[in-house]
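Here's the structure we're looking at; comments come further down.
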Amino acid sequence: MIRHRSYAVPVTAVLLALATGVALGAGPLHSASSDASPGPRVVTRPEAPGYADAFATGVARQLYDHGLSRRPVALVTMPGADPATVSALTAQVRAAGGQVTATYAVRGQLVDAQQKSLVDTLGIQLDKQLRQGTVPGASTYPRIGQLVAIAVANRGSAGAPAGADAAAVRQSLAAAKLLDVPSGSPQTAPLVLVVLGSPLVQPIADGVLAGLGAGARGVVAVAPTRDQTLTGLRTDGIDQRVTLVDGNETGAGRVAAVLALVRAWTRPGGSFGASGADGAVPLG
């Protein structure tokens, strides 16, 4: 990625200008020309609907530069995640050269505050069965997040066969209707893409995402523009380990999400997207 920065940055600048609707007829150049003799009348036509998204998708492969080549990605969806967005993100991961090893759906009970006793009891019991358990002293939701990470992720540099611990966690969470697990014993993946959906109780979201972040090489959480849960994750400092990207309902936001996955391989954390504190697009 670094060797292509010379053209990636200008392309991204154009993308952002289009995505935010910057009019070329406004700004300093327009001010300067107003002091000179009036020129021919220029008619500014409104931007065609969907053009920014089409542009972002069109330049995506150049920006990715195969940045996810041979890098497996596990996809985790939260309750209420938009299926169309999940499909579009999967396609963008493939466009970057990556492979979605499996899609895991978090069930409503896992993030329901009224089911905390179930989640806590199961987490404690399951943790005792594992050869390499969770961090000692972890509370309910960081613990369950770490257990989900054991089921779907690893901290290495490649996909890995699901060992005894991963198989045990998958079976237990599926039996308790906390996590939908695909058949076929898919490999665990170093990178995890989490697609947020319905608003979550903030401490629950914080705990689950922090736990996931502790068990994977890189985790990226994505959500629509100015999503309440994602904003809370940023406020509570979860972006120190987990990369946050909002705007996934747009083509530009989905491209930013995949660029965040590329970056997370070596630089986890940060906040990007339509209202990201660290910029719109993660590069380098």
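Bear in mind these aren't lab numbers, they're just calculated from the coordinates by the rules spelled out. Quick caveat, the model's predicted, so the values are computed rather than measured. Cβ atoms come from the backbone with ideal geometry, glycine included; neighbour counts cover every protein chain shown.
Before moving on, here are some points about what is shown:
- Between residue 174 and residue 198, the contour length at 0.36 nm per residue exceeds the Cα-Cα span by 6.6 nm.
- Cα-derived Rg to Rh of the range 66-273, Kirkwood definition: 0.93
- Calculated FRET value between residue 87 and residue 225, using beta carbons and R₀ = 22 Å, to 0.05: 0.70
- Here the label points at residue 277 and residue 130, each 7 Å from Cα along the C-beta direction, are separated by 2.8 nm in the simple model.
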